[in-house]
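Structure first, commentary second.
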Amino acid sequence: MIVMPQTKIAGIGYYVPSNVVTNKDLLKYMDTSDEWIQERTGIKERRFADRTGETTTTMGVKAAEMAMERAGVSASDIDFIIFATLSPDYYFPGCGVLLQRALKMNEVGALDVRNQCSGFVYALSIGDQYIKTGMYKNILVVASEKHSFGLDFSTRGRNITVIFGDGAGAVVLQPTDVAGQGILSTHLHSDGESAELLAMFNPGTHANHWINGLADFKDAEMAEMFMSHEMIDNAQNFPTMDGPAVFRKAIIKFPEVIMEALNKNNMATKDLALLIPHQANLRIAQFIQKQLKLDDSQVYNNIERFGNTTAASIPIALCEAWEKGLIKNGDVVCMAAFGSGFTWASALVRW
Ligand code: ACO
């Protein structure tokens, strides 16, 4: 019988920019209030990257360097890169190759993952499969977002813009022969029925095929189909979200995918040392906690300080919790995400 290795998280790191932006600071741009933001989302402040000095990739590089140092490996040891983001430096190529270049890595494969809030868990799952089959020995998984560049800072965009922040997280995955250690299982899901409820449509090649009410393409010149002045004039280059619909779906799918992971491993919620939910919104995390009857000590949230950093939110929270000594060897940790697509996912790990 062939015994496949399990995948362990050998090192973890995160990076958030030093620029703290409070709810009050957002009043410079839009009509909102600290009370509204805290009451609906739990967010007090977030970080914004340096406008020209930092990119999604450079933040990812900093998180990756910390993860590699803690794993005791150097850039030349990494044999595969997986980079999750929805706010890439370029439309193409993806951030994976920019990170490969910045870290002067070998000519290893670099895969970019486009799964928004679920991006890190999807990336972890992909890395897990490559380690289990023996294809790679040191995989660098990076998730990073520079949301501050792509949001509508006028009052028109306030329902979305106040939620998001910038930052990056990273892990190094390695094989382990220790029975029962590492990634126990991952669970990935999608339902494209509601793809347009949380999305950024332009620039894109859709030509209004799926949606009505956007800039009219009928008289557009070929060169104006992808990104036109009209799209910009009508603010169609910013993300759009039906907040209440996202909330309703998230509070069903989060508990479902967490229980799927526990059931798969014959565990119950009492076996969870820590749940790291994607930091979408504190109200969503609190709802999940209540529904699953988890103690405060079993759930880690940091959205109050960092906002929603999409793909990066889970590795940032995981790293912070680990640094605070909240995750010890042998602890069972569940990471769970839900977001645009919709996609949702979980990973159960024994540390
Ligand atoms: N400041 C002040 N008022 C605001 C703001 C703001 N930042 N944003 C919206 N409002 C106003 C609206 O204009 C509206 O006013 P009106 O009633 O006079 O028209 C009112 O507040 C309610 O607007 P809604 O959009 O219905 O706000 P809602 O109460 O649904 O709260 C929120 C919005 C917080 C986004 C909520 O829907 C929610 O929590 N949704 C879950 C989605 C989520 O968390 N997404 C995170 C990103 S996606 C992800 O990570 C999964």
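The values are calculated or read from the model by the stated rules, or taken from the named source; none is laboratory data. Note that this is a predicted model, so its numbers are computed, not measured. Glycine gets a Cβ as well: all are built from the backbone with ideal geometry, and neighbour counts include every protein chain shown. Surface areas here come from the heavy atoms of the whole protein model, side chains and all, with no ligands, DNA or RNA. Shrake-Rupley method; radii C 1.70, N 1.55, O 1.52, S 1.80 Å.
Per-structure values
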read-out: Taking the stretch 133-220 and dividing mean pair separation by its residue count, relative contact order in percent (alpha carbons under 8 Å, at least six apart); value: 26 percent
read-out: Positive-end residue, the chain charge dipole about Cα centroid, Cβ charges, pick of Ala311, Pro5, Asn234; value: Pro5
read-out: Inter-part distance where the stretch 242-259 and the stretch 103-142 are each reduced to a Cα centre, Å; value: 26 Å
read-out: Whole-Hz couplings from phi, Karplus 6.51/-1.76/1.60, listed for the stretch 221-236; x for Gly and Pro; value: 5, 3, 6, 9, 6, 7, 8, 10, 4, 4, 4, 5, 4, 9, 6, 8
read-out: Unit charges on C-beta of K, R, D, E only; dipole of the chain, Debye; value: 960 debye
read-out: Qualifying aspartates and glutamates (Cα of each under 16 Å from Cα of Lys62; at least 8 residues distant if same chain); value: Asp50, Glu54, Asp89, Glu145, Asp166, Glu320
read-out: For the chain, the Rg and Dmax computed from alpha carbons only, in angstrom; value: 19.9, 64
read-out: Cβ-based net charge around Lys264, under 14 Å, with every Lys or Arg adding one and every Asp or Glu removing one; value: -3
read-out: ³J(HN,Hα), Karplus 6.51/-1.76/1.60, whole Hz, each residue of the stretch 168-185, x for Gly, Pro; value: 8, x, 8, 9, 10, 9, 9, x, 9, 9, 5, 4, x, 9, x, 6, 7, 6
read-out: Amide H partners (placed H, <5 Å) of Phe164, local residues excluded; value: Asn308
read-out: Sequence-separation-based contact order of the chain, relative, with Cα cut under 8 Å and 6+ spacing, percent; value: 25 percent
read-out: Along the chain, longest interval not containing exposed trypsin sites (Lys or Arg not before Pro), exposed being DSSP loop plus at most 12 other Cβ atoms within 10 Å; value: 105-217
read-out: Amide hydrogen neighbours beyond the local backbone of Met105, cut-off 5 Å, H modeled; value: none
read-out: Cβ-based net charge around Thr155, under 13 Å, with every Lys or Arg adding one and every Asp or Glu removing one; value: +1
read-out: Mean projected area (nm²) of the alpha-carbon convex hull when the stretch 275-315 is viewed from all directions; value: 2.6 nm²
read-out: Charge context of Asn237, other residues only, Cβ under 14 angstrom, K/R +1, D/E -1; value: -3
read-out: Choice from Ala245, Ala321, Ala312 with maximal GNM fluctuation in the chain (Cα, 10 Å cutoff); value: Ala245
read-out: Partner lysines for Lys24 [C-alpha distance under 18 Å; skip if fewer than 8 residues away on the same chain]; value: Lys44
read-out: Probe 1.4 Å, accessible area per residue of the chain, Å²; value: 45 Å²
read-out: Accessible carbon and sulfur surface of the chain relative to its total accessible area, %, 1.4 Å; value: 52 percent
read-out: Amide H contacts under 5 Å for Asp112, placed H, 5+ residues apart; value: Phe83
read-out: Mean separation of Cα contacts under 8 Å, 6 or more apart, over the residue count of the stretch 212-307: relative contact order %; value: 23 percent
